[in-house]
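One structure is given here, and the rest of the page talks about it.
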Amino acid sequence: MPVKKEKEPLIMHPRPSSIVAALYTLRDLDTDVVILHGPPGCSFKHARLLEEDGMRVVTTSLDETGFVFGGHDALVEVLEKVIERFNPGRIGIVGTCASMIIGEELHEAVTQVQPDVPVIEVDVHAGYRDNTKGVVMALESALASGIISEAEFERQKALLKEATMVEKRHGAASKEYLEPNRGDLKYKVAGRLLELLKQGKKGLNILNAKKETAFMFADVNLAVAQVAEKLGSGSNIVNMANLDDNVGLPKNRRNAREIKEDLKEKGFEIHHIIGGLDEYPVAGNTADRIIGEKYSDYDFAVISGVPHALPMDNIKNMELFSVTNGPRQVVPLKDMGHTHVVVEIDLHPKTLGVSHIVESEFGATLREMVKDA
Amino acid sequence: MPKQIAIYGKGGIGKSSTASNVAAACADEGYRVTIIGCDPKSDSSITLLQGRRIPTIMDLMREGIDIKEADIVFNGYKGVKCIEIGGPEPGIGCAGRGIIVAISLLKKISRAIEDTDLVIYDVPGDIVCGGFVAPVKKGLVNEAYVLTSGEYMPLYAANNICKGLSRLEMTLNGVICNSRGALNEEKIVSEFAKEVGSQLLAFIPKDVLVQTCERDGYSVIEKAPDSQIAAVYRKLAKSIMGKRDGKIPVPLDDSRLRELTRI
């Protein structure tokens with residue numbers, strides 16, 4: 001007897017798109033130019049943002065005529081122009097809802113043009129519940145063209161599965177509707193944190209950030225260490241960070257290295273590396289284990305990046321300070337038991353195209369307030 | 001690699017009858033055959049399953065079924081594997097997209113299109129959109145056949161299909177005439193086949209036996225194996241299974257097409 005699929009809960013608030021997820025993955029694979037095969041406005045904002053990271057994103061600009069009569073010729077033309085204009089070493093072609101519905105075959109254009117550089121084709125639309133599907137599809141194609149190894153592919157797939165679970169458990173996919181929320185006032189939260197430091201309380205300072213967002217989240221942890229130092233309680237702070245630069249796709253390794261160098265230069269010592277920049281869904285487990293072994297009696301924890309990926313087991317009795325960039329992450333974090341939740345608004349756009357740590361608002365608030373302390 | 005064929009032709013011209021009789025004839029010869037009906041009527045397989053209507057892939061998708069091979073692949077006459085793709089409700093959604101999705105699902109959950117000697121795609125009426133030609137575009141078809149009669153409209157459709165195939169750089173491996181009793185019919189279709197760069201593979205005379213057997217839920221191969229018409233289908237099946245190179249067809253212009261029907 002045919003078995004009915006378990007119906008996934010409907011989530012009504014806007015979610016990340018698989019098309020965009022594929023674009024980011026191509027960037028992490030050091031793709032030079034990506035052609036979005038579809039309407040001119042598709043994924044506009046992210047396409048622009050990704051250009052900050054040096055990847056060019058162009059569109060075949062399918063219009064009503066293209067939808068009716070097909071976009072093969074447009075794709076061939078744009079592919080030829082891309083090769084001529086940018087002389088790229090690696091090209092990506094990404095589908096959109098429109099081109100996938102009308103049955104466009106990305107590969108046909110590639111066969112016709114015969115570029116002499118690798119082309120990663122991703123037959124993706126945005127109709128998937130989990131945006132990580134777009135990442136998997138991009139990686140599958142990269143695997144097929146020999147750009148990544150089978151082992152790395154499997155590693156990434158396992159991480160993505162975990163990332164999806166993290167979002168379903170306590171993230172933006174945990175509730176049918178989440179109201180956007182700006183979180184707690186930064187100066188109040190900073191005030192409380194300085195108070196604890198002044199009292200000589202022991203704290204964990206954990207960076208568990210997703211990829212390039214770490215460029216700003218790291219500043220939060222850096223600021224915590226700096227103000228603790230100023231208040232004479234520097235030795236009470238234990239720093240953990242997911243900045244392993246030996247794992248992940250090329251861009252993630254590079255970024256981990258850059259952030260570590262910055263931190264080192266500013267005298268920030270990382271006591272525990274808990275994973276790589278793409279390991280944020282599982283690095284929390286490593287942190288949890290270390291806390292259980294050594295620091296379960298600590299008084300507070302500052303967790304920046306993806307705080308909801310850190311299991312509550314060993315930190316539930318601590319006063320928790322969370323720094324996120326998702327306005328829809330505030331309510332789930334409060335529900336988990338995070339006392340203070342602050343949101344770094346517009347963090348992501350500010351961390352694209354950078355190779356050094358970017359100042360965070362919470363970090364700046366801490367540094368400013370410690371002057372009066 | 002199995003022989004993977006698609007049978008194209010104007011709606012109502014007899015693609016499904018031809019497909020199922022050819023499938024049955026090949027099964028008689030000991031070939032392992034898979035038939036994939038892409039027509040929303042899902043009538044390619046019904047005569048191989050003694051009149052039984054099987055659930056279509058799209059029916060199950062609509063119901064939210066976690067589709068497994070056993071839900072969509074059914075054993076028919078002499079082990080012919082029958083699969084029906086189906087379609088959305090008339091006037092809602094997009095049948096072309098449906099075919100794309102169904103085909104990729106089928107590829108994922110079943111080896112019916114690999115572990116076999118012959119796959120027959122019974123494709124909707126005419127080449128119209130990207131979705132309808134998905135089997136060809138996804139590389140699942142390596143031979144195409146056009147079914148027509150000697151009348152102008154079916155020939156017009158056949159010529160359009162040639163346009164589509166040439167655009168897709170897909171070979172045409174033969175033209176089949178399903179007679180409607182038009183004047184000089186065999187000559188007209190044979191000439192058409194030659195001019196587009198192919199050949200007439202079979203002339204199937206109009207025989208009420210085909211409809212009678214269909215009404216009872218059988219192919220003529222099964223129900224009337226000794227009939228003349230069964231022999232015609234057998235011959236066609238033999239000719240399809242025989243090795244023959246196809247050519248990318250060259251469609252005719254409309255005035256030539258009209259001239260042809262006046263032979």
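The values are calculated or read from the model by the stated rules, or taken from the named source; none is laboratory data. From a predicted model like this one, the values you see are computed outputs, not experimental measurements. All Cβ positions, glycine included, derive from the backbone under ideal geometry; neighbour counts span all protein chains shown. Please note that ligands, DNA and RNA were not included when accessible areas were found on the heavy atoms of the full protein model with its side chains. Shrake-Rupley method; radii C 1.70, N 1.55, O 1.52, S 1.80 Å.
Here are the numbers for this structure:
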{"quantity": "Matching residues, the range B:175-190, being open to solvent by 10 Å² or more (accessible area, probe 1.4 Å) and touching an Asp or Glu at 6+ places or on another chain (Cβ under 7 Å)", "calculated": "B:SER179, B:ARG180, B:ALA182"}
{"quantity": "Meets criteria (modelled with pLDDT of 90 or more, within 14 Å of another protein chain (Cβ to nearest Cβ) and over 17 Å from the mean Cα position of the chain (by Cα)) for B:ILE57", "calculated": "yes"}
{"quantity": "Which numbered condition A:HIS37 fails, given (1) open to solvent by less than 10 Å² (accessible area, probe 1.4 Å); (2) more than 14 Å from every other protein chain (Cβ to nearest Cβ)", "calculated": "(2)"}
{"quantity": "Residue among A:LYS201, A:LYS175, A:LYS211 that alone is basic (Lys, Arg) and at pLDDT below 95", "calculated": "A:LYS175"}
{"quantity": "Some residue of the range B:118-125 being of a type outside the set (Asp, Glu), open to solvent by less than 60 Å² (accessible area, probe 1.4 Å) and over 16 Å from the mean Cα position of the chain (by Cα)", "calculated": "no"}
{"quantity": "When residues of the range A:117-148 are limited to those that are of a type in the set (D, E, K, R) and part of a helix (DSSP H, G or I), the one farthest from A:LEU10 (Cα to Cα)", "calculated": "A:GLU140"}
{"quantity": "Qualifying positions in the range B:100-117 - within 14 Å of B:GLY37 (Cα to Cα) and either away from every other protein chain (no Cβ under 14 Å) or modelled with pLDDT under 90 (or both)", "calculated": "B:LEU106, B:ALA112, B:ILE113"}
{"quantity": "Residue in the range A:48-59 that is within 14 Å of another protein chain (Cβ to nearest Cβ), open to solvent by 30 Å² or more (accessible area, probe 1.4 Å) and closer than 25 Å to B:ILE100 by Cα present", "calculated": "no"}
{"quantity": "Hits in the range A:37-49 (condition: within 21 Å of the chain's Cα centre (by Cα) and not in a helix (DSSP H, G or I))", "calculated": "A:CYS42, A:SER43"}
{"quantity": "Subset of the range A:176-193 [in a loop (DSSP other than H, G, I, E, B) and surrounded by 14 or more Cβ atoms within 10 Å (Cβ to Cβ)]", "calculated": "A:LEU178, A:ASN181, A:ASP184"}
{"quantity": "Positions within the range B:126-168 being more than 13 Å from chain A (Cβ to nearest Cβ), open to solvent by 20 Å² or more (accessible area, probe 1.4 Å) and touching an Asp or Glu at 6+ places or on another chain (Cβ under 9 Å), in sequence order", "calculated": "B:GLU151, B:TYR156, B:ASN160"}
{"quantity": "Helices (runs of 4 or more DSSP H) contained entirely in the range B:177-263, each with at least 2 residues that are within 21 Å of B:TYR77 (Cβ to Cβ) and without any contact (Cβ under 8 Å) to a residue 24 or more places away in the chain", "calculated": "B:208-216, B:228-241"}
{"quantity": "Residues within the range B:60-84 that are among the β-branched types (Val, Ile, Thr) and either more than 14 Å from chain A (Cβ to nearest Cβ) or in contact (Cβ under 8 Å) with a residue 60 or more places away in the chain (or both), tallied", "calculated": "2"}
{"quantity": "Matching entry among A:GLU150, A:GLU105, A:GLU154, A:GLU162 (being modelled with pLDDT under 95 and out of contact with any Leu (no Cβ under 6 Å at 6 or more places or on another chain))", "calculated": "A:GLU105"}
{"quantity": "Residue in the range A:149-167 that is part of a helix (DSSP H, G or I), crowded, with 17+ Cβ neighbours inside 10 Å, in contact with a strand residue (DSSP E or B) (Cβ under 7 Å, 6 or more places away or on another chain) and hydrophobic (A, V, I, L, M, F, W, C) present", "calculated": "no"}
{"quantity": "Failed condition for A:ARG254, given (1) surrounded by fewer than 23 Cβ atoms within 10 Å (Cβ to Cβ); (2) more than 16 Å from the chain's Cα centre (by Cα)", "calculated": "(2)"}
{"quantity": "Selection count where residues are open to solvent by 30 Å² or more (accessible area, probe 1.4 Å) and not aromatic (Phe, Trp, Tyr), scope the range B:4-41", "calculated": "9"}
{"quantity": "The one condition in (1) within 29 Å of B:ILE204 (Cα to Cα); (2) modelled with pLDDT of 90 or more; (3) touching a Pro at 6+ places or on another chain (Cβ under 9 Å); (4) within 14 Å of another protein chain (Cβ to nearest Cβ) that B:CYS38 fails to fulfil", "calculated": "(2)"}
